[in-house]
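The block underneath contains the structure these notes are about, expressed in structure tokens.
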Amino acid sequence: MDANVLHNITYGMYIVASFKDAAINAQIVNALIQVSSHPAKIAVSINKKNLTYEFITNSRYFTVSTLDEATPLNFIGKFGFKSGRAEDKLEGVEYKKLVSGCPVMLDNSICYFEARVLDEFDCGTHALFIGEETESEVIKVGRPMSYDYYHNVKRGTTPQSAPTFIKEEIPIEGNKNMQKYRCSVCNYIYDSAVGDPDNGVAPGISFEQLPDKWVCPVCGAEKKDFVVE
Ligand code: FE
């Protein structure tokens, strides 16, 4: 098996949200496709351990908010590397609830749609939900972020709970002169040749030169949580 083959499947970057009674939750999803047009049906893969899975199976509704290319890494990290069981992921995020009770993100989204679940397929670690579109709206003009853009331009990482997670995807370069440090929480790599453009850190700033209050742009971990790559 050559992992590079799977790396060449293309995806987008979305926030999938659902609800259970008054509680709401949302998570990052890349494994999502439109499977028919009339009526519009969407397939989405969700890890069965995730709170969003529990909410979708309960409410039978989910929404998809399409992320803009300009979305900051920490916004993605908030939904991709934290659990809704441990904290309210929507705190501080601008969103609105649709008639069903499902929330859609207004921050960093260019459009959204809602789907009613028609069917669910057990895929082992993940479940594939097929939903029929019930409501949709374009929020603003923008470019939808692709999974490739997230990884190669934004330099984001993939949590282990994602269907596309491949353990070998983190390169072990072992060259300390490259001054790369890896976040032990989310595997984001601080590369001094790149800096941290989301937070105004210019290329050429070494990890040691970063201010003490600097945190991982993906998951918010502190400098002490980084290890030499
Ligand atoms: Fe991190």
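Annotations for the structure displayed:
- Residues that are surrounded by fewer than 17 Cβ atoms within 10 Å (Cβ to Cβ), under 21 Å from the mean Cα position of the chain (by Cα) and closer than 16 Å to residue 52 by Cβ, drawn from segment 95-113: 97
- Just one of (1) within 30 Å of residue 203 (Cβ to Cβ); (2) more than 16 Å from the ligand (Cβ to nearest atom); (3) modelled with pLDDT under 95; (4) surrounded by 13 or more Cβ atoms within 10 Å (Cβ to Cβ) fails for residue 146. It is (3).
- Test: residue 74 is away from the ligand (no atom under 16 Å from the Cβ) and among the polar types (S, T, N, Q): no
Let's see how each residue does on (1) closer than 28 Å to residue 193 by Cβ; (2) touching a residue at least 12 places away in the same chain (Cβ under 8 Å); (3) open to solvent by 70 Å² or more (accessible area, probe 1.4 Å); (4) of a type in the set (Lys, Arg):
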position	(1), (2), (3), (4)
75	yes, yes, no, no
115	no, yes, no, no
123	no, yes, yes, no
152	yes, no, yes, no
163	no, yes, no, no
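- Some residue of segment 31-41 being surrounded by 13 or more Cβ atoms within 10 Å (Cβ to Cβ), modelled with pLDDT of 95 or more and touching a Pro at 6+ places or on another chain (Cβ under 7 Å): yes
- Test result for residue 107, in contact with a Gly (Cβ under 8 Å, 6 or more places away or on another chain) and either free of Cβ contacts under 8 Å to residues at least 24 places away in the same chain or of a type outside the set (A, V, I, L, M) (or both): no
- Condition check for residue 65 on (1) of a type in the set (S, T, N, Q); (2) assigned to a strand (DSSP E or B); (3) modelled with pLDDT under 95: one failure, at (3).
The values are calculated or read from the model by the stated rules, or taken from the named source; none is laboratory data. Note that the structure is a prediction, hence the values are computed from the model and not measured. Note that we place each Cβ from the backbone using ideal geometry, even for glycine, and neighbour counts take in every protein chain shown. Only protein heavy atoms, including side chains, enter the accessible area calculation; ligands, DNA and RNA are left aside. Shrake-Rupley method; radii C 1.70, N 1.55, O 1.52, S 1.80 Å.
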